[in-house]
Amino acid sequence: MDGPMIEVRNLTKVYPGAVASPEAGRGEFALHGVDLEVGRGEFVAVVGRSGSGKTTLLHILGGLDRHYQGQVRVRGRDLATLDDRGLSRMRNATIGFVFQAFHLLPHLSVLQNVLLPSRFSGIEDPGLFEGRAREALERTGLTHKASSLPTRLSAGERQRVAIARAILNRPELLLCDEPTGNLDAQTGRAVLDIFLDLCARDGTTLVIATHEARVSEAAGRRIVLEAGRCVEPPSGGAA
Amino acid sequence: MTWRARMALIRHAMSRSRHHFVFAGVGLVVGSATLAFFLALSAGVRDRVLNRLYPVNQVEFQAETVRLFGLGIEVPTRMDRATMAALERLDGVTSVHPKQRAKFQARLWGGADVLGREARVESFFDGIEPRLIRDELRAAEAAVLGPERLDLACAIDGDCGIGGRCDGGRCARPTWWDGFEDLGATAWCRTDDGCAPGRVCAAGRCRVPCDGGCAQGDRCDGGACFAACGSDGDCRPGETCRTGTGGGTCERLQCRLGDVRDQMGNDWARLRGRVIAPADHAGRPCPEGTYCAARNLATVEGTCEAPIPALVSPFLLEVYNSMVATALGLRRLGGLEVVLGVRFAILFGESYFVADGPVEERVARRARVVGFSPKAMEFGVTVPLPYVVRANAAQRGRQAAAEFTSVVVQTERNEDVPRLVEDARVLGLTLAPRSEEGRKAANVLLILTLVFAMVSLVILGISAINITHTFLMLVTERRVEIAIHRSVGARLLDIRLLFLGEAAILGAAGGTLGVAVAWGLGTVVNGFAAGVLRGIPGSPENLFRFTPGVIAAGIGCAVVFALVGAWLPSRAAARTDPAEVLSQG
């Protein structure tokens with residue numbers, strides 16, 4: 001399919017209880033008139049201070065947050081026109097999420113956590129998904145931890161499990177919210193390498209919200225958010 | 001999301017929150033156990049107690065009485081064969097069984113075998129069709145005497161003791177219930193009016209008229225059918241082949257009583273039918289199982305007859321034990337089984353209350369108890385209908401024998417009964433007191449069942465509220481998990497179904513456990529009741545009936561209430577905002 005992976009036009013999101021109107025104060029907007037485009041296979045870093053709207057933007061792009069104004073297209077499809085079934089299908093098959101807090105289910109083993117998206121795929125083929133899960137674990141270097149519980153893993157390992165889960169269904173778009181925020185420098189580097197590998201080998205589109213200069217420098221492009229508005233990135237540096 | 005995947009997630013979730021679910025399920029167990037217990041008790045009492053006394057698909061009607069011009073004179077409407085035919089034509093009616101009471105005075109002697117002395121009482125009796133009651137008699141007999149087939153190998157009848165039969169290599173005990181049938185009897189007559197409807201008087205006996213055609217092999221002579229024969233072997237027990245001008249006919253064996261004075265002196269020896277000179281039996285007594293029955297008390301001439309099979313009511317036994325035996329210092333009777341086989345005599349035409357009839361119309365007949373039934377007369381005995389019809393005709397004339405006292409109507413379904421009652425009213429029939437009582441008892445049982453079912457439903461309702469609280473707590477606990485599920489592709493419906501699935505499984509498990517508890521409780525109650533009700537006639541072995549419907553109701557209600565309780569929490573779960581939860585970290 002041609003066209004950009006993501007197209008955002010005049011995206012506005014106000015905090016709950018506030019009204020999106022020109023008269024609304026700056027502080028009531030989570031996002032305000034954001035326009036952006038992300039090409040297929042592109043690695044884009046979304047930078048900005050805490051509260052600038054990075055996470056909100058990722059949630060909207062991933063269809064987790066539907067309370068916005070403006071137009072958001074992913075793979076050419078306007079998310080506002082999709083019903084819950086369509087959005088869920090897209091989150092399951094097209095989009096992968098990686099969160100700063102990992103968000104693994106502690107009662108499930110590493111393998112079961114990675115397999116979680118397969119539960120909602122509607123496809124009854126345990127062999128197929130188990131093969132993919134083991135492949136994802138291999139890419140993240142966690143094959144030997146498949147039967148461990150997340151509580152027995154280090155922070156870096158947990159984040160790699162989260163990445164394996166995100167890529168199980170081989171998504172075209174990976175949305176990562178501060179994926180290295182809870183990791184030390186070395187582990188963060190290893191995680192970043194995985195992302196770069198995904199982007200380079202699989203052509204996965206990466207949108208990573210981050211504070212870290214190292215990550216934003218590795219990205220092909222930076223989008224700077226400031227108080228919910230998209231501003232031009234300072235030349236040659238991270239936000 | 002496939003059901004298999006859904007079930008896997010539900011299983012995981014339930015195993016993690018075991019304590020919550022156990023807590024939430026207690027109410028369901030109690031509620032469904034209560035519901036199943038009372039429904040099973042109600043079904044058991046209805047089928048095993050009430051239905052025995054007042055079968056739900058059997059209704060007894062009697063003639064409606066008409067008050068004449070407000071004079072206080074009540075005249076019953078007629079209930080005859082035409083009424084029976086009209087009843088048979090009504091929708092839903094499967095069979096019609098007329099009943100007739102004896103319409104003349106009678107006395108009863110006997111019972112010395114079990115009472116220790118002869119009882120002499122005024123006798124009342126009625127007749128019912130044997131086919132209406134034989135299955136019930138068989139079941140009642142098996143309840144007190146045990147199964148008919150014994151665990152005893154045999155080759156011939158002789159291996160099985162007195163009265164036993166060898167049936168397929170196994171002994172079968174002697175049975176009584178199958179003796180409740182019309183064994184036939186000589187119906188003496190002078191005119192047609194002394195014969196039952198549909199019979200004519202020929203050669204001094206009531207016989208089948210020829211106009212309707214005689215049975216195959218029978219001979220028509222003088223307008224009546226005679227059973228043709230060539231030798232005694234062609235005739236029934238107690239009959240002989242008497243050669244006449246038109247050929248041989250089967251007739252009852254004639255006999256002669258020993259002492260004519262005994263008849264007037266009310267001597268029990270006479271009633272036993274002591275035979276000294278059978279007219280055509282070469283000095284032999286009447287065949288086994290028959291006795292010499294004089295035509296009336298004015299003569300010693302008679303015929304060999306089988307005793308009349310009779311039924312007594314268990315209620316009569318209770319009355320005897322509780323009042324008569326105590327008052328008269330007689331022996332109390334232990335159980336119903338002791339009355340089986342008791343012999344007694346009925347003296348037609350005699351009474352303690354009114355003057356005896358002419359000696360030529362007074363008749364002494366033997367009878368034998370072959371069963372007990374709540375359908376039998378409470379103060380009297382019940383015999384096969386043809387005996388009563390013949391006796392009424394002989395004592396009171398054909399018209400008296402043509403009108404029935406009541407009629408038992410069997411219907412296809414219980415639901416047919418209310419309409420049938422209305423239709424019968426048009427025919428001038430009204431519910432007999434026994435059926436009326438049955439309807440009232442059924443209504444009381446229904447009301448009690450509804451009350452207890454409501455109590456159970458209230459318990460289940462409370463458990464549903466408990467489930468709501470528990471599930472709301474679970475939703476709060478699992479907010480992050482829900483959000484993660486949403487982020488990897490779970491639909492709103494998937495989230496709802498996860499919680500509703502957990503509730504359904506909780507309900508099914510709670511309901512199943514509840515039904516099991518009810519069943520166990522029922523077993524305990526049965527054991528207790530068996531001790532308390534021991535010896536009480538007609539008391540069932542099992543007061544409960546756990547039908548598939550009862551089990552389904554117990555489990556189904558638990559599932560429904562669990563789903564109702566989880567409905568709001570499942571909505572709250574589906575409404576969890578994943579963006580908000582996941583951004584909280």
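The values are calculated or read from the model by the stated rules, or taken from the named source; none is laboratory data. If you're wondering where the values come from, they're calculated on a predicted model, not measured in any experiment. Cβ sites come from the backbone with ideal geometry, for glycine too, and all protein chains shown count toward neighbours. What goes into the accessible areas is simple: the full protein's heavy atoms, side chains included, and nothing from ligands, DNA or RNA. Shrake-Rupley method; radii C 1.70, N 1.55, O 1.52, S 1.80 Å.
Key figures for this structure:
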read-out	value
Considering residues of segment B:86-119 that are open to solvent by 50 Å² or more (accessible area, probe 1.4 Å), over 20 Å from B:Ala376 (Cβ atoms) and at pLDDT 85 or above only, the residue nearest to the chain's Cα centre (by Cα)	B:Thr94
Condition met for B:Val421 (more than 14 Å from chain A (Cβ to nearest Cβ) and farther than 30 Å from A:Ser118 by Cβ)	yes
Test: residue in segment B:473-493 that is among the hydrophobic types (A, V, I, L, M, F, W, C) and farther than 30 Å from B:Ser583 by Cβ	no
Extreme residue, farthest from the other protein chains (Cβ to nearest Cβ), among residues of segment B:564-585 that are assigned to a helix (DSSP H, G or I) and open to solvent by 60 Å² or more (accessible area, probe 1.4 Å)	B:Val564
Residues being open to solvent by 60 Å² or more (accessible area, probe 1.4 Å) and within 13 Å of chain B (Cβ to nearest Cβ) - total across segment A:135-157	1
Cβ-Cβ under 6 Å pairs, at least 6 apart or on other chains, segment B:540-558 side in a helix (DSSP H, G or I), far side open to solvent by 60 Å² or more (accessible area, probe 1.4 Å)	B:Ile555/B:Thr512
Complete set of residues in segment A:158-183 that are farther than 15 Å from A:Val114 by Cα and open to solvent by 10 Å² or more (accessible area, probe 1.4 Å)	A:Glu172, A:Asp177, A:Glu178, A:Gly181, A:Asn182, A:Leu183
Count of residues meeting criterion [open to solvent by 70 Å² or more (accessible area, probe 1.4 Å) and of a type in the set (A, V, I, L, M)] in segment B:420-454	8
Total residues in segment A:36-50, condition surrounded by fewer than 23 Cβ atoms within 10 Å (Cβ to Cβ) and among the small types (Gly, Ala, Ser)	3
Residue list for segment A:204-222, filter: among the small types (Gly, Ala, Ser), open to solvent by 40 Å² or more (accessible area, probe 1.4 Å) and in contact (Cβ under 8 Å) with a residue 40 or more places away in the chain	A:Gly220
Residue match in segment A:203-214 (condition: part of a strand (DSSP E or B) and within 14 Å of another protein chain (Cβ to nearest Cβ))	yes
Among (1) buried (at least 16 other Cβ atoms within 10 Å of the Cβ); (2) part of a helix (DSSP H, G or I), the one test that B:Asp193 misses	(1)
Residues of segment A:102-134 satisfying the condition of being assigned to a helix (DSSP H, G or I), open to solvent by 10 Å² or more (accessible area, probe 1.4 Å) and within 8 Å of chain B (Cβ to nearest Cβ)	A:Ser118, A:Arg119
Residues of segment A:37-48 satisfying the condition of being out of contact with any Cys (no Cβ under 6 Å at 6 or more places or on another chain) and either among the hydrophobic types (A, V, I, L, M, F, W, C) or modelled with pLDDT under 85 (or both)	A:Val38, A:Val44, A:Ala45, A:Val46, A:Val47
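Every residue, every condition in (1) surrounded by fewer than 23 Cβ atoms within 10 Å (Cβ to Cβ); (2) within 22 Å of A:Leu198 (Cα to Cα); (3) over 18 Å from the mean Cα position of the chain (by Cα); (4) modelled with pLDDT of 90 or more, yes or no:
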residue: A:Glu7; (1), (2), (3), (4): yes, yes, no, yes
residue: A:Ala24; (1), (2), (3), (4): yes, no, yes, no
residue: A:Phe29; (1), (2), (3), (4): yes, no, yes, no
residue: A:Gly33; (1), (2), (3), (4): yes, no, yes, no
residue: A:Gly62; (1), (2), (3), (4): no, yes, no, yes
residue: A:Leu82; (1), (2), (3), (4): yes, no, yes, yes
residue: A:Gly96; (1), (2), (3), (4): no, yes, no, yes
